[in-house]
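K.L.:
There's a structure below that I have some questions on.
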């Protein structure tokens, strides 16, 4: 499958909100309390919130399109001033990375990670870091296969539910 990267702009906002909400629902709705989950969706993945993130000069969203011009995934990277933790000028935070459910297990996630690495190297970053829910074993295995290592953890709230994210990083200086 041929894939193409498209950097999102405000013209993509409605589609970005839809894919953000749908992929998050597909990934985590069944593993969370419905009330907490709904509260999270209605605070973190609203049109207003995503528009604000999209307008931030140190944040970039990208759609991944297939050869039929369908959006099959997306990711969000933050430079130091927009990061949720760490705030290191020599790093990129990969805050969100999601593959649309019908396109999982087809190499789209690997393709996206490779693009994130390329973007970080072009920006002369020393490493990429991310937070991943400690119970998301499949994602953790994926990141480990790509060379990410655990270096810490931090809390992540879904509504009132305090969950724990592993902090993982990929050292770009060794690639």
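K.L.:
Residue by residue through the range 103-120, note down the ones that are farther than 15 Å from residue 60 by Cα, in a helix (DSSP H, G or I) and either touching a helix residue (DSSP H, G or I) at 6+ places or on another chain (Cβ under 7 Å) or without any contact (Cβ under 8 Å) to a residue 24 or more places away in the chain (or both).
P.N.:
109, 114
K.L.:
Filter the range 1-15 for residues that are surrounded by fewer than 13 Cβ atoms within 10 Å (Cβ to Cβ), touching a strand residue (DSSP E or B) at 6+ places or on another chain (Cβ under 9 Å) and either part of a helix (DSSP H, G or I) or modelled with pLDDT under 95 (or both) and give the result.
P.N.:
Matches in the range 1-15: 1 only.
K.L.:
Regarding residue 110, is this residue within 17 Å of residue 6 (Cβ to Cβ), modelled with pLDDT of 95 or more and over 12 Å from the mean Cα position of the chain (by Cα)?
P.N.:
no
K.L.:
OK, next. Of the conditions (1) part of a helix (DSSP H, G or I); (2) under 25 Å from residue 60 (Cβ atoms); (3) in contact (Cβ under 8 Å) with a residue 24 or more places away in the chain, residue 18 satisfies every one except a single condition; which number is it?
P.N.:
(3) is the only condition that residue 18 fails.
K.L.:
What do you reckon, is residue 165 assigned to a loop (DSSP other than H, G, I, E, B) and surrounded by 13 or more Cβ atoms within 10 Å (Cβ to Cβ)?
P.N.:
No; evaluated as a whole, the condition is false for this residue.
K.L.:
What number of residues within the range 139-152 are assigned to a strand (DSSP E or B) and loosely packed, with under 14 Cβ neighbours inside 10 Å?
P.N.:
3
K.L.:
Output the number of residues of the range 30-87 satisfying the condition of being under 16 Å from residue 10 (Cα atoms), part of a helix (DSSP H, G or I) and in contact with a strand residue (DSSP E or B) (Cβ under 7 Å, 6 or more places away or on another chain).
P.N.:
2
The values are calculated or read from the model by the stated rules, or taken from the named source; none is laboratory data. Bear in mind the structure is a predicted one, so any value in this text is a computation, not a measurement. Note that each Cβ is placed from the backbone with ideal geometry, even for glycine, and that neighbours are counted across all protein chains shown.
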